[in-house]
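Visitor: This structure is in structure tokens; I'll ask about it shortly.
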Amino acid sequence: MSKTINTLLKEMQDEAVTTRKMLSIVPEDKYDWKPHPKSMSMRQLATHIAELPSWVSMAVTTDELDFATSPYTPVQIHNNEELLAYFEKNLESGLELLSKSNEEKLDEKWVLRSGNDIYVNTTKAGMMRVSLSQTIHHRAQLGVFLRLLDIPIPGSYGPSADDMSF
């Protein structure tokens, strides 16, 4: 297995620990809450975070995603049990497909678009990095949502302010 694949697998597994912590504390009674009219709802945001490992699977098995021909239709999540199960299913699939891939495959081109509008034009490995970056980015958004609801935030790369005693 290549160094790139090993690195990506480790990053996915490491980030999954924090992602699980964050998704497990999403308050089910606040699934439809949003901090601003332009924001996603808590449910939309958490579902997107849970689906992001599937983008690794998609990068391994396809050469592009075109929203013009494949409109985005998120799964409907109703509770945290479903949310965490969805995350675990996507993570397991992403890890499995990535572990069976090879370095040459990861160097192939991958494009995210909507018709002629190109959002990301990179390699398959690059798209996997985008997926990890998106996970971290949206997890931070979820942290802000939770903070606004006065829900203690677990640490990500060390203790959070809620983990510290002052």
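The values are calculated or read from the model by the stated rules, or taken from the named source; none is laboratory data. No experiment lies behind these values; they were computed from the predicted model shown. Cβ sites come from the backbone with ideal geometry, for glycine too, and all protein chains shown count toward neighbours.
Visitor: Taking segment 111-152 on its own, how many of its residues are without any contact (Cβ under 8 Å) to a residue 12 or more places away in the chain and within 17 Å of GLU15 (Cβ to Cβ)?
Guide: So the answer is 3.
Visitor: Take the conditions under 13 Å from LEU146 (Cβ atoms), within 15 Å of the chain's Cα centre (by Cα) and at pLDDT 95 or above and apply them to MET12. Does it pass?
Guide: Considered against the rule, which asks whether it is under 13 Å from LEU146 (Cβ atoms), within 15 Å of the chain's Cα centre (by Cα) and at pLDDT 95 or above, MET12 comes out as no.
Visitor: Mind telling me which of the residues ARG113, ARG147 ends up being over 17 Å from the mean Cα position of the chain (by Cα), in a strand (DSSP E or B) and within 28 Å of HIS36 (Cα to Cα)?
Guide: None of the other options fit; the residue is ARG113.
Visitor: Can you tell me which of GLU51, GLU11, GLU104 is over 27 Å from GLY143 (Cβ atoms) and out of contact with any Asp or Glu (no Cβ under 6 Å at 6 or more places or on another chain)?
Guide: GLU104
Visitor: Taking segment 67-86 on its own, how many of its residues are over 18 Å from the mean Cα position of the chain (by Cα) and either among the β-branched types (Val, Ile, Thr) or surrounded by 14 or more Cβ atoms within 10 Å (Cβ to Cβ) (or both)?
Guide: 1
Visitor: For segment 116-144, name all the residues that are of a type in the set (Val, Ile, Thr), in contact with a strand residue (DSSP E or B) (Cβ under 7 Å, 6 or more places away or on another chain) and either in a helix (DSSP H, G or I) or surrounded by 13 or more Cβ atoms within 10 Å (Cβ to Cβ) (or both).
Guide: Correct list: VAL120, THR122, THR123, VAL130.
Visitor: Which one is surrounded by the most Cβ atoms within 10 Å (Cβ to Cβ), of the residues in segment 87-115 that are in contact with a strand residue (DSSP E or B) (Cβ under 7 Å, 6 or more places away or on another chain) and of a type in the set (Lys, Arg)?
Guide: ARG113
Visitor: Report whether or not PRO159 is in contact with a helix residue (DSSP H, G or I) (Cβ under 9 Å, 6 or more places away or on another chain), part of a loop (DSSP other than H, G, I, E, B) and loosely packed, with under 12 Cβ neighbours inside 10 Å.
Guide: In short, no.
Visitor: Could you list, in sequence order, the residues of segment 47-66 that are under 13 Å from the mean Cα position of the chain (by Cα) and polar (S, T, N, Q)?
Guide: Hits for segment 47-66 are THR47, SER54, SER57.
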